[in-house]
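To start, the structure itself, in structure tokens.
The values are calculated or read from the model by the stated rules, or taken from the named source; none is laboratory data. What you see is a predicted model, and the numbers here were worked out from it, not measured in a lab. Quick reminder, even Gly has a Cβ in these numbers, built from the backbone with ideal geometry, and neighbours come from all protein chains shown. With ligands, DNA and RNA removed, areas are computed over all heavy atoms of the protein, side chains included. Shrake-Rupley method; radii C 1.70, N 1.55, O 1.52, S 1.80 Å.
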Amino acid sequence: MSASASKNDYRPCPEDRKPDRTVVIVGKSGNGKSTLANVIIGAYDGSEFDEESGPAGVTRGRPFRTALIPYGGKEFAVKVIDTIGYADTELSEETVLLALAELAYDCSEGIHQVFFVTNGRFTKEEQTTIDKMINVIFQPEVGQFSTLLRTCTPIRDLSPAHPATLAETTAKYFDGVVKIDPRMKVIRNCVMVDNPDPGNDYGIEKRKETRKMLVELIVSHRGKYIPPSFPQVKAKIGTEMKAKRDVQDKIDSLEKAMRDEKGDQQKFQLQMMQFMQEIVEANTALAAKMASIRRQGPCTIL
């Protein structure tokens, strides 16, 4: 086990426990989405969400983790969902349909916090993506449960020794974003973080600092937002999604065994090839169902 892995705080939640908080992470690939997801659940070494995945990938295993996180003398089950890079222009229609299916299925009981992740440069693609997520896939009310989160923040902006306080720097950054695109003013919060490489003690400590701040934001915010169309979509895709989740669970278990190097690696590779064929078939069926829902009539997420 690596030094960084031994310092992880990730504690998986029992499957029979419902989450107390559901968090959705949205952003362009390469902006630190998956890193942020790992940090929130306490997997500082990046062992749960793939931080190196390509821009157009769909998660092979389940696109979320639910962690037990202590806060204020209590223990909260926090479900963190890492979405695909919606701002990536090369995404196929099937990939988007599959991602929307996963999102509707996993968030049908409500969302407590959405993190819109940017790495500082607020591009046109990001502006369009956030606007679509707020006004089409969700509804404007989700802004009250949303945070614009800047990753890769320069150390000087996070240091108490810097002349400007972190609050002032954050407010200035958000004001600049709103000037670029006034539609962003519906977003409730803005925070700035840095999650450096976890290969040394400094990187681990910085990730722990980020986690402490974000967990407080996630847990302390009251209420939840239920996207109007999500329960309806979940009901219609239940059979197809269950079939996919069964395969995703097998992939997650197999990948863990491969990482732990327990068992015949050659046999594992053959099993993975079989599971990947099964996931292709499950994705095809699920995408077809989503396309059918779209043809049947108006649906806000489609």
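Residue by residue, what Karplus-based ³J(HN,Hα) values in Hz, rounded to whole numbers, does the stretch 234-244 have, using 6.51, -1.76 and 1.60 with θ = phi - 60° and x for Gly and Pro? Rounded to whole hertz, the list is 4, 4, 7, 10, x, 5, 5, 6, 4, 4, 5.
Under the classification rounded if a/c is under 1.5, otherwise prolate if a/b is larger than b/c and oblate if not, where does the stretch 164-206 fall, given a ≥ b ≥ c as square roots of the Cα gyration tensor eigenvalues?
prolate
Taking I237, I84, I180 as the candidate residues, the one with maximal mean-square fluctuation in a Gaussian network model of the chain, Cα springs under 10 Å, is I180.
Counting protein heavy atoms only, the chain has 52 percent of its accessible area on carbon and sulfur, 1.4 angstrom probe. For K262 and Q277, the difference between the fully extended length at 0.36 nm per residue and the C-alpha to C-alpha distance is 3.1 nm. Our note on the geometry: Cα centres of the stretch 226-302 and the stretch 7-44, 19 Å apart.
Rolling a 1.4 angstrom probe over the protein heavy atoms with all chains in place gives the chain an accessible area of 49 Å² per residue.
Going 7 Å from the Cα of A235 along its beta-carbon direction, which residues of the stretch 97-115 have the amide nitrogen within less than 15 Å of the resulting point? Backbone N within reach: 105, 108-109.
Accessible surface for D45 stands near 50 Å², nearest 10, in the context of the full protein assembly shown (1.4 Å probe).
For the stretch 184-251, the alpha-carbon coordinates run over 46, 37, 22 Å along the three principal axes, in decreasing order. Maximal additional length on extending the Q269-A291 stretch stands at 4.7 nm, based on 0.36 nm per residue less the C-alpha distance. Which one, V193, V26, V177, has the greatest fluctuation when you compute a Gaussian network model over the chain with C-alpha springs under 10 angstrom? Evaluated over the chain, the most mobile residue of the options is V177.
Here the 3J(HN,Hα) profile of the stretch 130-145, calculated from phi with Karplus coefficients 6.51, -1.76 and 1.60 at θ = phi - 60°, is 5, 4, 5, 4, 6, 9, 10, 5, 9, 9, x, 4, 5, x, 6, 10 Hz, Gly and Pro shown as x.
Packing-based ranking of 104-110, 269-275 yields 104-110, 269-275, ordered from highest to lowest mean Cβ neighbour count within 10 Å.
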